[in-house]
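Structure first, then comments.
Read the figures in this text as sums done on the coordinates, not as results from a lab. What you are looking at is a predicted structure, and each value in this text was computed from that prediction instead of being measured. No Cβ is skipped: glycine too gets one built from the backbone with ideal geometry, and neighbour counts run over all protein chains shown.
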Amino acid sequence: MSQVRHRNGNAESSGAARAARNSTNVRSRHALLRAFLALSQAISTRLTARWAESLFFRPPRPRPSKTPLPPGAQRLDVRVGSGPLAVWSWGSGPAVYLVHGWGGRSEHLGAFVAPLVARGFRVIAVDGPAHGASAGRLSSGPEIGRALAAVVARTAPAYGVVAHSLGAAAVAFAMREGLRVDRLVFVGAPADPLDWVQAFARQLGLSPRVQDELRRRSERRLRADWDDLPLVPLRGLEGPPPLLVVHDRDDREVRFADAGTIVGAWPGARLLETSGLGHQRVLRDPAVVASVSAFLSMASGRSGWADAAKSSPATDDECAHGRAAGPSPCEACALEAELFTPALRRHVPAAVTAWR
């Protein structure tokens with residue numbers, strides 16, 4: 001036993017040493033890059049902005065996913081301006097699209113596939129440009145949004161979208177350009193992704209002139225105005241679809257306060273607040289996955305709810321979806337009560353803190 005503890009202790013010490021060395025290496029590279037850009041700014045604003053654009057819009061290599069994509073997917077390839085996109089499809093029925101965040105890939109949302117297919121949806125996962133198995137070198141919110149719109153146009157209308165982090169802003173951008181979605185889920189979404197531009201500029205010591213040139217260059221290349229990127233205010237999103245915002249209080253990448261900002265600006269939006277899951281584990285939590293699946297099922301029409309509601313108005317003897325009232329409500333009403341009625345919140349899985 002003592003030998004086992006000794007070896008484990010050495011392994012832990014070795015791991016801590018490697019982490020310390022990696023941190024030191026990152027700081028050293030950052031200092032060198034900052035010094036290089038400081039020198040280049042004194043020589044050429046345009047050249048520095050060009051280098052900064054290449055750095056900012058190049059996605060990092062994603063970490064291996066702990067939840068691989070389920071088997072049985074149909075692989076699709078959709079071509080866009082940056083090259084072929086990697087797209088996977090499961091099941092049949094109304095289409096729900098999975099959109100990853102910056103530096104992510106489809107596997108990061110793999111936990112949603114089986115539960116949604118079981119509820120009668122076709123699930124379509126997309127690797128954005130320069131992400132995962134898709135082609136490209138640079139990427140951005142507008143490019144991810146347009147890629148999603150291209151996939152929707154060539155596969156199936158978007159009943160629902162589950163989008164993580166920057167993917168949420170990408171979806172909102174695509175909707176401003178005409179993408180139609182009936183129901184949305186945003187997980188760990190930033191209210192204003194331009195905050196990351198400011199943080200990037202501060203970290204590298206970019207001057208206001210370089211930042212202005214960076215904006216001009218990127219707007220010209222992307223054919224998009226930076227003012228159209230924030231989720232809030234809801235510019236160009238008249239009558240937006242129902243939205244569920246999922247955000248963890250311990251998210252270190254996107255402020256929890258952003259969830260309240262989005263919900264406050266989005267008519268009828270609902271907040272699912274969690275704790276202890278951070279920015280990534282929230283995508284794999286069974287309680288979150290179950291709640292998101294239930295939210296998307298509420299108006300899918302898979303059980304005739306939408307048709308029943310359209311066919312005749314509810315009476316005193318019917319529920320809100322046109323079903324006869326009684327001791328056993330229709331499934332839609334039961335889900336509504338379970339998830340959104342304050343008196344019944346104790347039935348929501350333990351990982352969920354509150355519905356608001």
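Points to keep in mind about this one:
- Breaking point among (1) closer than 30 Å to Q41 by Cβ; (2) part of a helix (DSSP H, G or I), for P230: (2)
- One residue alone among S139, S165, S92, S82 is under 24 Å from P230 (Cα atoms), of a type in the set (S, T, Y) and over 18 Å from the mean Cα position of the chain (by Cα), and that residue is S82.
- When W196 is tested against (1) out of contact with any Pro (no Cβ under 9 Å at 6 or more places or on another chain); (2) in a helix (DSSP H, G or I), exactly one condition is not met: (1).
- Taken over the range 88-118, residues that are in contact (Cβ under 8 Å) with a residue 40 or more places away in the chain and not in a helix (DSSP H, G or I) amount to 14.
- Subset of the range 151-190 (residues that are surrounded by fewer than 24 Cβ atoms within 10 Å (Cβ to Cβ) and either of a type outside the set (A, V, I, L, M) or in a loop (DSSP other than H, G, I, E, B) (or both)): R154, T155, A156, P157, Y159, R176, E177, G178, L179, R180, D182, R183
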